Structures are given as C-alpha cells and as structure tokens.
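What follows is a single structure, written as structure tokens, with notes after it.
The values are calculated or read from the model by the stated rules, or taken from the named source; none is laboratory data. Values in this document were obtained by computation on a predicted structure and should not be read as measured data. Backbone-built Cβ (ideal geometry, glycine too); neighbour counts: all protein chains shown.
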Amino acid sequence: MRTIAYDQQGDAAQVLSLREEPAPPAPDAGQVVVRVLSRPIHPGDLIAVEGLRGGPLQRYAVPRSPGVEGAGVIEAVGEGVEGLRAGQRVAFFPVPGAWSELVTAPAELVVPVPEGVSAETAALMLVNPLTLLTLLRAVDDARHGEGGPVVQTAAGSSMGRLVGAAALMHGFPLVNLVRSAAGAQALRERFPRLPTISTADPDWRTQARDAIGGRGAQVVLDAVGGSLTGDLVALLADSGTLITYGGLGSGSTPVESLGLVPRELTVRGASVGRWLTRTTEQRAEDVAFATRMAETAPELLEVAATYDLADFAEAIAHARRPGKSGTVLLTSPAPRE
Ligand SMILES: NC(=O)c1ccc[n+]([C@@H]2O[C@H](COP(=O)([O-])OP(=O)(O)OC[C@H]3O[C@@H](n4cnc5c(N)ncnc54)[C@H](OP(=O)(O)O)[C@@H]3O)[C@@H](O)[C@H]2O)c1
C-alpha cells in the first residue's frame, strides 16, 4: 500500500515522502481495516509534522504517517465487531495514519456513512463538526447563560464558517474578524447578517468595538493568537473569556501584559484532541450531530480541491495558500470490483 510518512519532525514539504509499505495484518478482535479513499489535510496534521510553536520538540514516535480522519470502505472485520461489514462505506476519527491507503481502526471509532453523503463530504464528516461542538460548549461555559457578544478570528476558515452558521442558527451575537479586505468581502457575501471586519484596516479595533457595542465582548474565540492576542483581550468586557483553539498567527504576547488580574479575565484552550474523554453516550450523540450535518448541510463541509496521495506536496502548498476556501483532500483510487 502507498503511505505518506516522515522520519524526522520538520518542514512538511521537506520531511514527508511517498512510500510503499506492507498492508497491515488481519484486524484483531474489536478492530477493522479500512481502505482509505479520501482524507483531509487539516492545519493540525501539519502542526503534528512540524511541531507546535513553543510546544515539545517531538511529540510522536517516528516513522509516522500523518492524519487522524478519513473515509473509505471496510476491507476486513475483526472478531466480535458488530454493525460493521466488509465493503461498507465508513468515516473514522481519531485514527492515526490516515495518510495511508489502509488503516487499522478500533471499531468504536468507525462511523457508517449514510447513503447519499458523497465520498468528499464523508472525509470531512467528523473532525470539524466535532470541533464545532467542542467550541460551542466552551463558549456556552464562558457565557454563563448570559447573552453577551462573541468575537471570532480567522472567521473565513472552515471552522470559522461553521461557527458563523451556528451563531445564526442559535441566535448568539457574533462579530467576525478576518485578516484581509478580500476575505472580509467574501464572508459578508456568505453571512450578510454577521458583522465582518478586516484586521488589515488601520481602524479595525474601533470598527470591532462599535460592532460589539456595550461593555465589550463576553467571549473571544481565537485561532490566531501570537501578537494579536493583546488586541483581542482589549476587546473583552471585564470578566470575559479568551478561548484559544489554534495558532495561525506569529509572534507572542506575554501573559503579564494582558491585565488578567484587575479585569478578572479567563484564558482557556479548547481541543477536539480531548474528545475521547467524553463518555460513550456523549460521543454517540456528537457523532449523530456530525452525521446529520453531512446529510443535511454538506455545503458547510466545503472541499477546496482534491489531489492524489502522490501529489501531497502540491496539496500541502494548496492547503497553505492564502484566500483558499474549504479543506484540501488527499485521495486514493477505489479498488477495482
Ligand atoms: N483545537 C482544535 O481542536 C482544532 C480543531 C480544528 C481546527 N483547529 C484550528 O482552527 C483553525 C482553522 O482551521 P481550519 O481547518 O478551519 O482552517 P482552514 O479552512 O485551512 O482556513 C485557514 C484560515 O486561517 C486564516 N489564516 C491563516 N493564517 C492567518 C493569520 N496569520 N491570521 C489570520 N488568519 C489567518 C486563513 O485566512 P485567509 O483566507 O486570509 O487565507 C483561512 O481563513 C486552525 O488554527 C486549526 O489548527 C483547531
């Protein structure tokens, strides 16, 4: 089988290579082997290869194949697995090595793909919807049942647009921040009812304060961080919360400069990486939500482009291109009947 793998952490364009590896052995009890036909390139996949700014140098054992999400068909079923059969279309998360053509997965992390959901949508069915639920829970906790305004950064990202759609559906006041005038225009066309501001405008801080109104934002949901953090905290009302869930920006902001103590502010993280700590019942509810979204609102799981696994370098360059809309997929040909 083909796999993309690396032996040493570093620039993804340099350290990743296409390899031929033996197929995995027959699945153990409680496992299935999935032939992966499509998998996304998430920002987090590249962070895992390259290392997080300020994080531990090498988090995973190598050689390693990136990716934790994908979709395909079941190739083999281990003993004791119920409700899954060979040939069935499935999606999976979190299963390491999704950038390979075959993965062995615990059956409990494998989800049947409903008929009518495309292969592309199936590949995006789990991580981003489950992250959305994680973020909405964090926002709910931070708002203590009050109706204060929420600000989000990187609002044109795949995640940002899910948050935008959720704000309209649940009726919470949201102000969108993006980094360019073109990005702001595109997002205003998509969400005409949400105020959207470009941080490239010299007066963006004033525009944002006007759009938030009142005492300030109750919550800032931030995927950028770095040197923007001070400006974001300045938009918060006293006792507000900054929820950080990504590190797209550059630079850094010392925590001492944020005025956390006199203003009684909270800074917290949120990560879908902790989703497995939810109970089996809670996870089943979350997966039902994600599956419903794939069935009823596939436009929220937008694909930017698809590339064959062998063209991973071009695919990664596309995934990093400014102004891209949606998520880039790496695909493998379906086996012949
Ligand atoms: N914590 C979690 O569990 C979790 C889970 C999923 C995703 N995430 C994070 O969520 C973020 C978005 O992921 P995604 O998959 O939705 O991304 P995506 O669809 O690939 O979009 C990336 C977006 O980030 C914007 N961007 C890139 N660099 C920026 C910067 N320096 N300043 C401001 N905006 C910038 C881009 O804006 P342009 O349009 O201007 O290029 C684009 O809109 C990432 O940070 C990712 O790591 C976290």
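For residues that are among the hydrophobic types (A, V, I, L, M, F, W, C) and assigned to a helix (DSSP H, G or I), scanning just the stretch 295-313, find the one that is nearest to Ser100 (Cα to Cα).
Step one: list which residues in the stretch 295-313 are among the hydrophobic types (A, V, I, L, M, F, W, C), which gives 297, 300-301, 303-305, 309-310, 312-313.
Pick out the ones that are also assigned to a helix (DSSP H, G or I) and you get 300, 309-310, 312-313.
Values: Leu300: 26, Leu309: 8, Ala310: 11, Phe312: 12, Ala313: 15 Å.
Checking each candidate, the answer is Leu309.
All but one of (1) more than 11 Å from the ligand (Cβ to nearest atom); (2) closer than 20 Å to Gly269 by Cα; (3) surrounded by 24 or more Cβ atoms within 10 Å (Cβ to Cβ) hold for Val127; which doesn't? Status for Val127: all satisfied but (1). Specify the residue that is nearest to the ligand (Cβ to nearest atom); the eligible residues are those in the stretch 147-194 that are polar (S, T, N, Q) and surrounded by fewer than 19 Cβ atoms within 10 Å (Cβ to Cβ). Per the criteria, the residue is Ser180.
Quick test of your reading of the structure: Leu46 fulfils all but one of (1) assigned to a loop (DSSP other than H, G, I, E, B); (2) surrounded by fewer than 20 Cβ atoms within 10 Å (Cβ to Cβ); (3) out of contact with any strand residue (DSSP E or B) (no Cβ under 7 Å at 6 or more places or on another chain); (4) not aromatic (Phe, Trp, Tyr). Name the failing condition by number. Single failed check for Leu46: (1). Each residue in the stretch 235-262 was checked for being assigned to a helix (DSSP H, G or I) and surrounded by 14 or more Cβ atoms within 10 Å (Cβ to Cβ), and 2 pass. Output yes when any residue across the stretch 298-317 is within 18 Å of Gly160 (Cα to Cα), free of Cβ contacts under 8 Å to residues at least 12 places away in the same chain and surrounded by fewer than 17 Cβ atoms within 10 Å (Cβ to Cβ), and no when none is. Within the stretch 298-317 (the criterion being within 18 Å of Gly160 (Cα to Cα), free of Cβ contacts under 8 Å to residues at least 12 places away in the same chain and surrounded by fewer than 17 Cβ atoms within 10 Å (Cβ to Cβ)), the answer is yes, since at least one residue qualifies. The residues in the stretch 4-39 that are crowded, with 17+ Cβ neighbours inside 10 Å and in contact with a Phe, Trp or Tyr (Cβ under 7 Å, 6 or more places away or on another chain) can be counted, and the count is 4. One residue stands out in the stretch 135-146 among those that are surrounded by fewer than 20 Cβ atoms within 10 Å (Cβ to Cβ) and not small (Gly, Ala, Ser): the one that is farthest from the ligand (Cβ to nearest atom), namely Glu146. In the stretch 233-254, the residues that are assigned by TED's automatic domain parsing to the domain that holds Pro43 form no Cβ pair under 9 Å with any partner that is within 16 Å of the ligand (Cβ to nearest atom), whether six or more places apart or across chains. Going by the conditions given, is Thr279 within 10 Å of the ligand (Cβ to nearest atom) and either free of Cβ contacts under 8 Å to residues at least 12 places away in the same chain or within 18 Å of the chain's Cα centre (by Cα) (or both)? So Thr279 does not fit the description; no. Scanning the stretch 315-332 for residues that are of a type in the set (S, T, N, Q) and not in a loop (DSSP other than H, G, I, E, B) turns up Thr327, Thr331. Note on the stretch 96-122: among residues that are of a type in the set (A, V, I, L, M, F, W, C), in contact (Cβ under 8 Å) with a residue 40 or more places away in the chain and within 24 Å of Gln282 (Cβ to Cβ), the one that is surrounded by the most Cβ atoms within 10 Å (Cβ to Cβ) is Ala98. Residues in the stretch 263-294 that are touching a strand residue (DSSP E or B) at 6+ places or on another chain (Cβ under 9 Å) and part of a helix (DSSP H, G or I) were compared, and the one that is surrounded by the most Cβ atoms within 10 Å (Cβ to Cβ) is Ala294. In the stretch 318-337, the residue that is farthest from Asp11 (Cα to Cα) out of those that are more than 16 Å from the ligand (Cβ to nearest atom) and surrounded by 13 or more Cβ atoms within 10 Å (Cβ to Cβ) is Ser332.
Hey, could you check the stretch 195-226 for residues that are among the β-branched types (Val, Ile, Thr) and more than 14 Å from the ligand (Cβ to nearest atom) and say which is farthest from Ala142 (Cα to Cα)?
Thr206
When the test is whether a residue is within 15 Å of the ligand (Cβ to nearest atom) and modelled with pLDDT of 95 or more, Ser100 does not pass it.
I'd like to know if the stretch 270-284 contains one or more residues that are touching a Leu at 6+ places or on another chain (Cβ under 7 Å) and farther than 30 Å from Gln88 by Cβ.
yes
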